[in-house]
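Undergrad: After the structure tokens below, expect a handful of questions from me.
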């Protein structure tokens, strides 16, 4: 797993925990199902969600982000111009360039990526 993905997953868990611990919701007595309140450190949370017994597998959703558009030093594969790092004349134009999966169907987002790619290629 890309370290950026792992950090995002842990941040989401921590934010959801804070949300449910707020005075407005805590009185409802929420019980954490996943990853489980016993997992507290970043490493424990991530392992509980993605390890061999983990329940969180991002690829079960829409496959995306396998060739993420972000800085190469952060694990990205393509630049903001959709060019593959270290390869001349190759661009990637599909859902694999999305570093984060949008909270909606991917079709419209991929259309936007394709439109931007067309503009980049035309110059």
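Computed from the coordinates by the stated procedures, all read-outs in this text should not be read as laboratory data. Just so it is clear, the model here is predicted, and its values are computed rather than measured. Cβ: placed from backbone, ideal geometry, glycine included. Neighbour counts: every protein chain shown.
Undergrad: Once you order the gyration tensor axes a ≥ b ≥ c over the Cα atoms, which shape class does the chain get: rounded for a/c under 1.5, otherwise prolate or oblate by comparing a/b with b/c?
TA: Details: a/c = 2.97, a/b = 2.13, b/c = 1.39.
In terms of gyration-tensor shape, prolate.
Undergrad: What number, rounded to the nearest 500 deg cm²/dmol, is the helix-based mean residue ellipticity at 222 nm of the chain, given -39500 (n - 2.57) per DSSP H run of at least four residues and division by all its residues?
TA: Details: 4 runs with 49 residues, N = 123.
Value at 222 nm, helices only: -12500 deg cm²/dmol.
Undergrad: When a/c is below 1.5 the answer is rounded, else prolate if a/b is larger than b/c, else oblate, so apply that to region 63-116 with a ≥ b ≥ c taken from the square roots of the Cα gyration tensor eigenvalues. List each step's numbers first, then the result.
TA: On the way: a/c = 2.53, a/b = 1.49, b/c = 1.70.
Since a/c reaches 1.5 but b/c is at least a/b, the shape of region 63-116 is classed as oblate.
Undergrad: Which angle between 0 and 90 degrees, to the nearest 10, do you get for helix 106-122 versus the longest principal axis of the chain when only C-alpha atoms count?
TA: The angle comes out near 30 degrees.
Undergrad: Here is a further query. Note the full-extension length gain between residue 7 and residue 121 as 0.36 nm times their separation in residues minus their Cα-Cα distance, in nm to one decimal. Could the numbers behind the result be given before it?
TA: Values: separation 114, 0.36 × 114 = 41.04 nm, distance 3.32 nm.
Extending this stretch completely gives an extra 37.7 nm.
Undergrad: On a 0 to 90° scale, report how tilted helix 3-21 is relative to the longest principal axis of the chain, with both axes built from alpha carbons and the result rounded to the nearest 10.
TA: 40 degrees
Undergrad: If we count other beta carbons within 10 Å of each Cβ, what is the order of 22, 88, fewest first? Numbers along the way, then the final one.
TA: Numbers: 22 9, 88 6.
By the 10 Å Cβ count, ascending, the order reads 88, 22.
Undergrad: What whole-number distance in Å separates the alpha-carbon centres of region 1-22 and region 85-112?
TA: 23 Å
Undergrad: Fewest first, what order do 49, 82, 120 take by the number of other Cβ atoms within 10 Å?
TA: Values: 49 23, 82 20, 120 14.
So the ranking, lowest neighbour count to highest, is 120, 82, 49.
Undergrad: Along Cα→Cβ, 7 Å out, is where each label goes; now give me the distance between the ones at residue 26 and residue 66 in nm to one decimal.
TA: About 4.4 nm separates the two model spin labels.
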